[in-house]
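J.: Below you will find the structure I want to go over with you.
Laboratory data are not the source of any read-out in this text; all were calculated from the coordinates shown. As the structure is a computational prediction, the values presented were derived from the model and not from experiment. Note: ideal-geometry Cβ built from the backbone for every residue, glycine included; neighbour counts use all protein chains shown.
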Protein chains: 2
Amino acid sequence: MTLSDKQLELIEEIGIYHENNGFQPAVARVMGLLLVSDKPELTFEEISETLNISKSATSNALNMLLNTGHIEYTTFHGDRKRYFRIKSSNWRDLFNKKMEDLGKLNDILKRVLEVRKRDNPIYDEKLQYFISFLDYLKTQLPNLIEQWEKENEKQKA
Amino acid sequence: MTLSDKQLELIEEIGIYHENNGFQPAVARVMGLLLVSDKPELTFEEISETLNISKSATSNALNMLLNTGHIEYTTFHGDRKRYFRIKSSNWRDLFNKKMEDLGKLNDILKRVLEVRKRDNPIYDEKLQYFISFLDYLKTQLPNLIEQWEKENEKQKA
DNA sequence: AATTTGGTTCTGTAAATTATAAACTAACGG
DNA sequence: CCGTTAGTTTATAATTTACAGAACCAAATT
């Protein structure tokens with residue numbers, strides 16, 4: 001498989017994005033490739049060869065991405081190869097994970113307020129403020145998503 | 001300075017949270033300490049001793065956090081020590097950074113759609129859907145924040 | 001039953017990260 | 001100007017990570 005310069009460039013950018021989110025470099029490149037590839041589904045061999053990573057690195061990356069639900073595969077009758085693709089539900093998941101992360105932060109911060117004993121309550125105020133914002137965000141986000149879905153329907157109609 | 005078990009535990013949790021966000025372990029622990037400490041401001045020495053990290057690690061961590069605007073310090077007349085504390089504006093910044101990151105992702109995804117050539121447009125649809133959601137989120141987030149600020153005013157009154 | 005295909009698992013290692021200890025420096029106090 | 005305090009810088013040690021290469025394995029093919 002050959003890729004255009006733009007595709008190669010994008011794979012690197014997507015790679016760096018995912019590296020910053022805690023993925024290993026090779027794993028991040030596999031995500032990039034599956035995303036920018038003209039073909040939506042690629043085999044183990046295609047991935048390994050196109051990205052120039054060893055079979056072991058490819059195996060590890062694919063299994064990691066399968067386990068974390070980022071990709072999936074199909075097979076075809078009379079063909080032992082697996083055809084990997086990005087899980088399309090993955091987008092919503094990715095967004096949800098970011099939001100969950102904020103939730104985790106919020107939980108920690110609430111415990112901070114419980115545990116530390118500051119003489120002057122002024123020091124707690126800003127933190128309380130942020131916590132309550134995150135709580136508000138959590139309640140309002142579903143509404144926002146609903147609203148957007150409505151808008152989207154309108155546009156289609 | 002002595003910390004309760006709960007405080008020590010929280011420092012580790014905050015540490016792990018920040019490590020996942022790309023901070024070095026020692027840096028992440030310093031953030032944790034400044035957050036859970038009963039005293040809002042701590043000296044270099046207190047930080048170094050309480051966390052049991054070397055002077056150089058402490059120096060690096062504090063300078064890194066100063067440079068990235070996560071902490072700040074005050075001084076007092078006739079006292080050469082600096083008193084470090086978490087920048088309170090930091091909370092909003094932290095949230096903004098997460099949102100910026102989603103914006104970055106969105107930019108990349110838009111370019112993906114431009115660059116890859118998939119025969120079947122069905123494969124582009126879900127991605128387009130996600131992109132338009134992120135766009136919508138970007139327009140609506142300021143409103144949401146404004147709304148929350150209003151609610152907050154009401155509560156105070 | 002031997003070989004090929006489509007991987008997986010194990011071992012070694014280069015490179016990067018993280019932290020330490022010790023030497024150093026700049027400011028102040030006596 | 002000598003010692004102490006408050007840190008910084010440098011050199012280096014320890015740990016972790018990320019991957020390649022090779023051996024390995026199970027299913028299908030010849």
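J.: In whole angstrom, note down how far apart the Cα centers of the range A:96-142 and the range A:39-65 are.
T.: The range A:96-142 and the range A:39-65 have Cα centres separated by 41 Å.
J.: Quick one: grab the alpha carbon gyration tensor of the range A:1-155, order the square roots of its eigenvalues as a ≥ b ≥ c, and give me rounded if a/c is under 1.5, else prolate or oblate depending on whether a/b is larger than b/c.
T.: Prolate is the answer for the range A:1-155, as a/c is 1.5 or above and a/b outweighs b/c.
J.: Here is a follow-up. Taking the Cα centre as origin and putting +1 on Lys and Arg beta-carbons and -1 on Asp and Glu beta-carbons, what dipole magnitude results for the range B:68-126, to the nearest 20 debye?
T.: 280 debye
J.: Starting from the range B:104-138, pick out the trypsin sites (Lys or Arg not before Pro) whose DSSP state is loop and whose Cβ has at most 13 other Cβ atoms within 10 Å.
T.: In loop regions of the range B:104-138 (DSSP not H, G, I, E or B), the sparsely surrounded trypsin sites (Lys or Arg not before Pro) are B:117.
J.: Can you tell which of A:54, A:64, A:33 lies farthest toward the positive end of the dipole of the range A:21-100, using +1 and -1 charges on the Cβ of basic and acidic side chains (Lys, Arg; Asp, Glu)?
T.: About the Cα centre, the residue reaching furthest to the positive side is A:64.
J.: Also, I was wondering about something else. Shielding of A:104-113 by partners, i.e. mean partner chain Cβ atoms within 10 Å per residue?
T.: 4
J.: Give me the net charge of residue B:45's neighbourhood, meaning all other residues with Cβ under 10 Å from the Cβ of residue B:45; Lys, Arg count +1, Asp, Glu -1.
T.: Here the count lands on 0.
J.: Taking every residue in B:21-27, how many Cβ atoms of other protein chains lie within 10 Å of its Cβ, on average?
T.: Partner Cβ neighbours, averaged per residue: 1.
J.: Same structure again: Along the Cα-to-C-beta direction of residue A:101, a point sits 7 Å from the Cα; which residues of the range A:126-151 have their amide N less than 13 Å from that point?
T.: Label zone hits: none.
J.: Still on this structure, please answer the following. Take the Cβ-Cβ distance between residue A:64 and residue B:21 as r, set R0 to 22 Å, and report the resulting FRET efficiency rounded to the nearest 0.05.
T.: For R0 = 22 Å, the calculated efficiency reads 0.65.
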